[in-house]
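Presented below is the structure to which this report refers.
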Amino acid sequence: MIKNKKQQYSHSPTEDGEKYRMLFEASEDPMWLIIDQKFEICNDAAVRTLGYKSQSELRNTHPSQLSPKYQEDGKPSFDAAEEMMTIALTKGYHRFHWTHTKKSGENFPVEVTLTKIPFQGKDAIFCVWRDITDQYNLEKELREAKINAEEASKSKSKFLSMMSHELRTPLNAVLGFSDMLKNELYGPLNEKQMGTVKSIYQGGELLLHLVDDLLSMAKIDQGEINLNIEHNNASEIVKNSINLVEKLANDSQITLHCEDIPDDLNCLYADRVRAEQILVNLLTNAIKYNQPGGNIWISVDKNNSYTRFSVEDDGKGIQRDHAKQIFEPFYRGEQTTSGIEGTGLGLPICRRLSIEMNGECDFESVYGQGSVFWLDLPRCVGCPSFDDKCDIGRKHSH
Ligand code: ADP
């Protein structure tokens with residue numbers, strides 16, 4: 001039985017050859033036999049694809065003769081084709097992308113596979129093309145869309161930063177003069193006049209804040225933010241930030257509580273000015289979205305390799321529905337209609353700056369009970385154990 005089966009499947013070399021030739025001819029993918037670096041035999045699919053009339057027209061052509069002068073990477077097609085064939089003959093197999101040219105002069109992309117085969121006593125190459133025009137066009141479209149989006153984003157950021165600069169000058173005049181009026185440097189004001197001047201001043205301040213925030217966002221987007229990341233002292237950052245919001249907290253009747261910062265957490269690796277900018281923003285929010293008699297707790301903890309600054313408040317809290325978008329530019333959640341002034345840019349800037357410093361800014365909140373926002377910044381390498389590189393660490397904890 002077995003013997004019979006074997007007999008059933010065995011063929012003579014000529015029968016096999018005929019079968020392979022039929023497969024070669026019937027294939028819809030262009031196929032070639034390359035001998036001595038020239039296309040010698042091809043199938044009808046190759047003839048059709050290239051727009052020729054007969055196989056004989058394509059015989060004895062170097063692959064570069066059916067290609068543009070240069071490939072996409074700028075290499076001359078002749079040199080590149082020689083290189084591809086050498087790799088196939090050395091390694092036995094090679095697959096790559098190539099641009100060919102039809103008789104009409106139109107270029108088209110193919111994926112080429114070259115396989116070394118023995119043919120009439122020497123090494124030849126069996127070559128198959130797969131048309132990848134659709135994939136190529138799609139990739140090209142995606143590439144172009146990405147470039148366009150990047151260009152649009154760059155122009156937007158450029159426009160914003162230019163406008164912000166232009167707006168600052170007149171705004172400073174509005175603020176300066178209304179401040180002088182408000183302080184009655186030009187003579188006493190009646191109640192109505194004082195109220196109006198204060199409104200001008202407050203409006204100007206808000207506008208300046210918006211312009212500053214827009215400028216910061218644009219700078220971050222354009223990669224123009226200059227960070228001075230170095231060993232810094234957590235206590236100093238907290239102290240400076242509190243100094244800047246103390247008056248606002250007093251005016252709003254909010255009590256600030258600050259825990260002592262453990263010595264071993266004192267040293268971190270960050271840009272001091274930016275870290276303070278973030279903390280001031282978190283503290284200002286904790287004051288703004290609170291009520292008289294409210295509290296804020298500032299603490300510094302360890303979180304893996306990060307120093308975590310937490311700003312906790314017992315204010316309004318944030319509704320779950322708003323939580324996901326709170327870091328999106330201009331998103332103000334339920335404050336949009338509350339009358340509490342803001343731009344919706346503070347938190348996005350905090351997050352972007354924290355990421356620039358290899359840190360993170362996030363929050364948790366229970367609506368009606370309060371929120372805790374935190375800033376994680378990398379701790380100094382080598383701290384808290386003594387490390388010569390770390391001056392702050394040496395001064396404070398070692
Ligand atoms: P702004 O304060 O200018 O509106 P932010 O980006 O700083 O912009 O904050 C976005 C929104 O997040 C605020 O409008 C507010 O709804 C909410 N938010 C931020 N911090 C707090 C907080 N501590 N408590 C309650 N809501 C907050």
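Quick one: how many residues across segment 335-356 are more than 9 Å from the ligand (Cβ to nearest atom) and touching a helix residue (DSSP H, G or I) at 6+ places or on another chain (Cβ under 8 Å)?
Matching residues across segment 335-356 total 4.
Which residue pairs have Cβ atoms under 6 Å apart, sit 6 or more places apart or on different chains, and have a first residue in segment 298-319 that is at positive phi and a second that is near the ligand (Cβ under 10 Å from one of its atoms)?
Pairs found: 317/365; 317/367; 317/370; 317/371.
List every residue pair whose Cβ atoms lie under 9 Å apart, where the two residues are 6 or more positions apart in sequence or sit on different chains, the first residue falls within segment 154-174 and is closer than 9 Å to residue 211 by Cα, and the second residue, located anywhere, is aliphatic (A, V, I, L, M) and open to solvent by 70 Å² or more (accessible area, probe 1.4 Å).
So the pair list comes out as 167/207.
Quick one: residue 213 ticks every box in (1) within 23 Å of residue 358 (Cβ to Cβ); (2) within 16 Å of the ligand (Cβ to nearest atom); (3) assigned to a helix (DSSP H, G or I); (4) in the same structural domain as residue 327 (by TED's automatic domain parsing) except a single one, so which number is it?
(4)
Is it true that some residue in segment 133-141 is out of contact with any His (no Cβ under 9 Å at 6 or more places or on another chain), of a type in the set (A, V, I, L, M) and exposed (fewer than 11 other Cβ atoms within 10 Å of the Cβ)?
The answer is no; no qualifying residue exists.
Restrict the check to segment 337-358 and report whether at least one residue is assigned to a strand (DSSP E or B), of a type in the set (S, T, N, Q) and either surrounded by fewer than 21 Cβ atoms within 10 Å (Cβ to Cβ) or at pLDDT 95 or above (or both).
no
Mind checking which residues of segment 321-333 are outside any loop (DSSP other than H, G, I, E, B) and near the ligand (Cβ under 6 Å from one of its atoms)?
Taking segment 321-333 first, the residues outside any loop (DSSP other than H, G, I, E, B) are 321-323, 333.
The one that is outside any loop (DSSP other than H, G, I, E, B) and near the ligand (Cβ under 6 Å from one of its atoms): 333.
Taking segment 247-265, which residues are assigned to a helix (DSSP H, G or I), hydrophobic (A, V, I, L, M, F, W, C) and open to solvent by 30 Å² or more (accessible area, probe 1.4 Å)?
Across segment 247-265, the qualifying residue is only 248.
Which one of the conditions (1) near the ligand (Cβ under 7 Å from one of its atoms); (2) crowded, with 17+ Cβ neighbours inside 10 Å; (3) not in a loop (DSSP other than H, G, I, E, B) does residue 318 fail to meet, given that it meets all the rest?
(3)
Only one of these conditions is not met by residue 268: (1) part of a strand (DSSP E or B); (2) within 16 Å of the ligand (Cβ to nearest atom); (3) out of contact with any Asp or Glu (no Cβ under 9 Å at 6 or more places or on another chain). Which number is it?
(2)
The values are calculated or read from the model by the stated rules, or taken from the named source; none is laboratory data. Computed from a predicted model, the values in this text were never measured in an experiment. Neighbour counts run over all protein chains shown; Cβ positions are idealised from the backbone, glycine included. What goes into the accessible areas is simple: the full protein's heavy atoms, side chains included, and nothing from ligands, DNA or RNA. Shrake-Rupley method; radii C 1.70, N 1.55, O 1.52, S 1.80 Å.
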